[in-house]
Amino acid sequence: MRYALKKIVTMMITVIVVTLFVYIAFNLISGDPAISMLGTNATPERLNALREEMHLNDPVLIRYFRWLFALIRGDLGVSYSYKIGVSDMIMDKIPVTATMAVMAFVLMVVISIPLGIHTSKYQGGVIDRVIIILNQIIMSIPPFFSGILITFIFGRVLKLFTPGGYVSYSTDPAGFLWYMFFPSLAIALPKATMAVKLLRGSLVSEYNMDYVRTAYSKGNTTNGVIYKHMLKNAILPVITFLGMALTDIIAGSIIVEQVFGIPGLGRILLSSISNRDYPVVMAIIVIICCMVLVVNMLVDIIYSLVDPRISFEDK
Amino acid sequence: MENGVLLEVTDLNIEFHDHIIPETVVYDFDLTLREGEIVGLVGESGSGKSMSALAIAGLLSRKDMKKRGQIYYDGKDLLSISRNELRSIQGNDISMIFQEPLTSLNPVKKIYDQVEEPLRIHTELDKEQRYEKVLKILKEVELDDPEHVMKQYPHELSGGMRQRVMIATAMIMEPKILIADEPTTALDVTIQSQIVKLLKKLNAQRKTAILFISHDLSLVNSLCERVLVMKDGYIVESGPTKQVFNDPKEEYTKKLIAAIPKIDMTKVYRNE
C-alpha cells in the first residue's frame, strides 16, 4: 500500500514537471499568437491590446502558473483558431482514442499470451515455426502500413467493414465498436508479435529453473507446472513490455486514426499543430502524458503485486 | 517385495544424445533401498550421482537422453510406466530435495502454497484438513512460528529455513523414499548439522528411506548405514559405511577418505 502511495506521489510530481516543460517549449517556439489570430496586416495598437488581453506580456512563469491552475480546475483554455473552449473541442474525442487504445491493448494480450505459452511448450513445432516467420514480417511493419494492409484485406477483399465509413459511438455503439476493431487490430498486431516472442523466450528460460524441477518432483503435470509456477515468473518482463506497448499504442493511434479516417485526438492534434493552435496542442500533449504516466504507474503497481520481491526492497 | 526392499535399480545407464557422439554419464548403476534405511551416494562433481538420483525421481525426461535398465518400485518399472503413473508416485511415494533451496522454491509463491501443493495434487482433502497438515509438517521440521512462515515468500527466509520448507514439502505426503541431492552443500556448517539431525529424526520417526547424495564424506559417514562411491559414471565401491571407511578396497575411495580434513566431524555430528 505504501508502495502504491509513493508511486502516486511520484507520478503527480512528474505531471507538474511535464506541464512546465510543455509550456516552456511552446513559449520558445517562434510565432506570436496575437499575430496568428489577427493576421500580419494588423496594426501594432490592436496587437498590443490583444497581447494585454491574453496576458502575453506577463513573465513566462506567471503565465505558466495561471495556465496550470486553470488546467487543474479543468479549464484547458480557448482555441486560437476556433475561439471555443479546448475542452469542448476534445472531450468527445477522448472516448474515441481511448476505446481504440483499450481495444488494441486487449487484443494484444488476448493474442500474445496463449500463443506465447503454446510456442514455448511446443518449441520447434509447426505453429512455433510459422510464428517465428510471421514475427519477423509483422514486427518490421509500422502500424500505418499494417493499417493499410488490414483496410485492404478486411475492407476491400473480405468486405467486413467499409473503409472510411466511421460511425460515431453516439449514433451506433455496436457499429462504432465493430469499426474500431480493425484499427485496433492494426495497432495490436505488431506489438502482439513482439509480446509472443518475449513471453516465449521468457518461458523457455524458466524451463531450466530449479523451481520447475521441484514442481515436477511434486507430481505436477506440464500444464500444472506452466500455469501454476512458470507463468507468474515469466510474465514479469512481459508486463513491462505491455506497459510500454500501451503508451506506444496511445501515441501510435494518432497515425492509425489518419489511415482509417477516425476523428479522434490524433486528427485534432495534427490539424492544431499546422494551425499553430497552441492551447489545443498543449492540452492534448498533457492528456497523452497523463495517460502514459497512469499506465506506467499501474504497471509498477501490478509488477509489485506479481513479484513479492519488489515491494520488499522498499520497506 | 521381499525383506523390505522398496526400490531396486538394476543396470541403469544414462546416455546424452545432444552431441554427435553420444556420451554416457552413468554406467550399470545398481542400488537396493530397503525400508527405513539411509544410503549414502558419494563422488566428485560430474561422477553421475545427481543424474542417477534424478532418474530415480523420474525427473530426467529430456528427449535427447536415453535411459536403459530398470528402476523397480512397488512392482513397477519407473522407466517404462506412463507419465501419469509416474506422476502419481512423484511427490507422493518418492520425493526429492535439492542442493539450492532458494532457487528450488518458486520465488513468487507463498510458502503455504508451495508446501500444500502435493496435497492438492495427490489427495482430496478439503481446505481445513490441508491447512492442518501443512501446519503439522512445518512444526515437524522445527520451523519457529510456522503460522507466520507460511505467509512469507522464500526470499524472506534464511537458507536453513528454506531447506526446512523444502523438506516439509517433500515429507508432507509421508513418502516411502526421500532423495536428498546434496541438501546441505549450500548451507553453512552449523545449519548443516541441524538439517542432518532433522533428516535423521524424520527417518527414525517415519521409517522413510533416504538416499543421501553428498560429496562430504564425513557427513555420509555420520548419517548413512550403507554407502556407494561413484566415479566417472561407475559405482566403484559399495558396502556398509564402516567397512568402506575402515577398509577401502579401491584406490579412489582411499584418496577420497584421505582428503577428509583431520578434524573429526563425525564426533561433532554424532554428539547428541
*When you scan the range B:110-139, how many residues do you find that are assigned to a loop (DSSP other than H, G, I, E, B) and away from chain A (no Cβ under 14 Å)?*
3
*Tell me, yes or no, whether the range A:17-26 has at least one residue that is surrounded by fewer than 14 Cβ atoms within 10 Å (Cβ to Cβ), under 22 Å from the mean Cα position of the chain (by Cα) and aromatic (F, W, Y).*
yes
*Test A:V256 against the stated conditions and say whether it is buried (at least 18 other Cβ atoms within 10 Å of the Cβ), out of contact with any Leu (no Cβ under 7 Å at 6 or more places or on another chain) and at negative phi.*
yes
_In the range B:84-109, the residues that are at the interface with chain A (Cβ under 8 Å from one of its Cβ atoms) and of a type in the set (D, E, K, R)_ = B:R87, B:E100, B:K109
_Subset of the range B:41-86 (residues that are among the hydroxyl-bearing types (S, T, Y) and outside any helix (DSSP H, G or I))_ = B:S45, B:S47, B:S61, B:Y72, B:Y73, B:S80, B:S82
*Only helices (runs of 4 or more DSSP H) wholly contained in the range A:68-143 count here; list those with 3 or more residues that are out of contact with any helix residue (DSSP H, G or I) (no Cβ under 8 Å at 6 or more places or on another chain).*
A:94-121, A:126-139
*Residue list for the range B:62-83, restricted to those being more than 11 Å from chain A (Cβ to nearest Cβ) and charged (D, E, K, R)*: B:D64, B:K66, B:K67, B:R68, B:D74, B:K76, B:D77
*Any residue in the range B:140-154 that is out of contact with any Lys or Arg (no Cβ under 6 Å at 6 or more places or on another chain), more than 22 Å from B:D181 (Cβ to Cβ), without any contact (Cβ under 8 Å) to a residue 24 or more places away in the chain and within 10 Å of chain A (Cβ to nearest Cβ)?*
no
*For B:T208, state whether it is away from chain A (no Cβ under 14 Å) and under 13 Å from the mean Cα position of the chain (by Cα).*
yes
*Could you tell me which numbered condition A:Y179 fails, if it satisfies all but one of (1) within 14 Å of another protein chain (Cβ to nearest Cβ); (2) in contact (Cβ under 8 Å) with a residue 12 or more places away in the chain?*
(1)
*In the range A:26-67, what residues are charged (D, E, K, R) and either over 20 Å from A:S272 (Cα atoms) or in a helix (DSSP H, G or I) (or both)?*
A:E45, A:R46, A:R51, A:E52, A:E53, A:D58, A:R63, A:R66
*Examine the range A:235-245 for a residue that is modelled with pLDDT of 85 or more and within 10 Å of another protein chain (Cβ to nearest Cβ), and state whether such a residue exists.*
yes
*Based on what the data block shows, is A:M54 closer than 30 Å to A:C290 by Cβ, surrounded by 11 or more Cβ atoms within 10 Å (Cβ to Cβ), in contact with a Pro (Cβ under 9 Å, 6 or more places away or on another chain) and modelled with pLDDT under 85?*
yes
_Given the condition in contact with a helix residue (DSSP H, G or I) (Cβ under 9 Å, 6 or more places away or on another chain), within 14 Å of chain A (Cβ to nearest Cβ) and closer than 16 Å to B:C224 by Cβ, answer yes or no: does some residue in the range B:162-178 qualify?_
yes
*Looking at (1) hydrophobic (A, V, I, L, M, F, W, C); (2) within 21 Å of A:V238 (Cα to Cα); (3) touching a Phe, Trp or Tyr at 6+ places or on another chain (Cβ under 7 Å), which is the only condition A:L185 fails?*
(3)
*Could you name every one of the strands (runs of 3 or more DSSP E) located completely within the range B:170-252 that has at least 2 residues being closer than 16 Å to B:M96 by Cα and not acidic (D, E)?*
B:177-181, B:209-214
*Checking B:L211 against (1) modelled with pLDDT of 90 or more; (2) over 23 Å from B:R34 (Cα atoms), which test does it fail?*
(2)
*Quick one: how many residues across the range A:110-119 are within 19 Å of A:S184 (Cα to Cα), of a type in the set (A, V, I, L, M, F, W, C) and either crowded, with 17+ Cβ neighbours inside 10 Å or over 18 Å from the mean Cα position of the chain (by Cα) (or both)?*
3
*All but one of (1) more than 25 Å from the chain's Cα centre (by Cα); (2) at pLDDT 90 or above; (3) under 20 Å from A:M100 (Cα atoms) hold for A:L203; which doesn't?*
(3)
*Does the range B:1-36 hold any residues that are in contact (Cβ under 8 Å) with a residue 60 or more places away in the chain, within 17 Å of B:V229 (Cα to Cα) and out of contact with any helix residue (DSSP H, G or I) (no Cβ under 7 Å at 6 or more places or on another chain), and which are they?*
B:T10, B:Y27, B:D28, B:D30, B:L31, B:L33
*Scan B:G91, B:G48 and give me the residue that is touching a helix residue (DSSP H, G or I) at 6+ places or on another chain (Cβ under 9 Å) and buried (at least 18 other Cβ atoms within 10 Å of the Cβ).*
B:G91
*asked:* Being surrounded by fewer than 20 Cβ atoms within 10 Å (Cβ to Cβ) and closer than 15 Å to B:E116 by Cβ is the filter here; which residues of the range A:210-225 pass it?
replied: A:G224
*So, in the range A:190-229, of the ones that are hydrophobic (A, V, I, L, M, F, W, C) and more than 26 Å from A:M139 (Cα to Cα), which residue ends up farthest from the other protein chains (Cβ to nearest Cβ)?*
A:I226
*A:A186: away from chain B (no Cβ under 14 Å), of a type in the set (A, V, I, L, M, F, W, C) and surrounded by fewer than 18 Cβ atoms within 10 Å (Cβ to Cβ), yes or no?*
no
*Restricting the range B:39-61 to residues that are more than 14 Å from chain A (Cβ to nearest Cβ) and out of contact with any Lys or Arg (no Cβ under 8 Å at 6 or more places or on another chain), the residue that is nearest to B:L86 (Cα to Cα)*: B:S52
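The values are calculated or read from the model by the stated rules, or taken from the named source; none is laboratory data. For clarity, every value in this text was computed on a predicted model and none was experimentally measured. Using ideal geometry, Cβ is built from the backbone for each residue, glycine included, and neighbour counts are taken over all protein chains shown.
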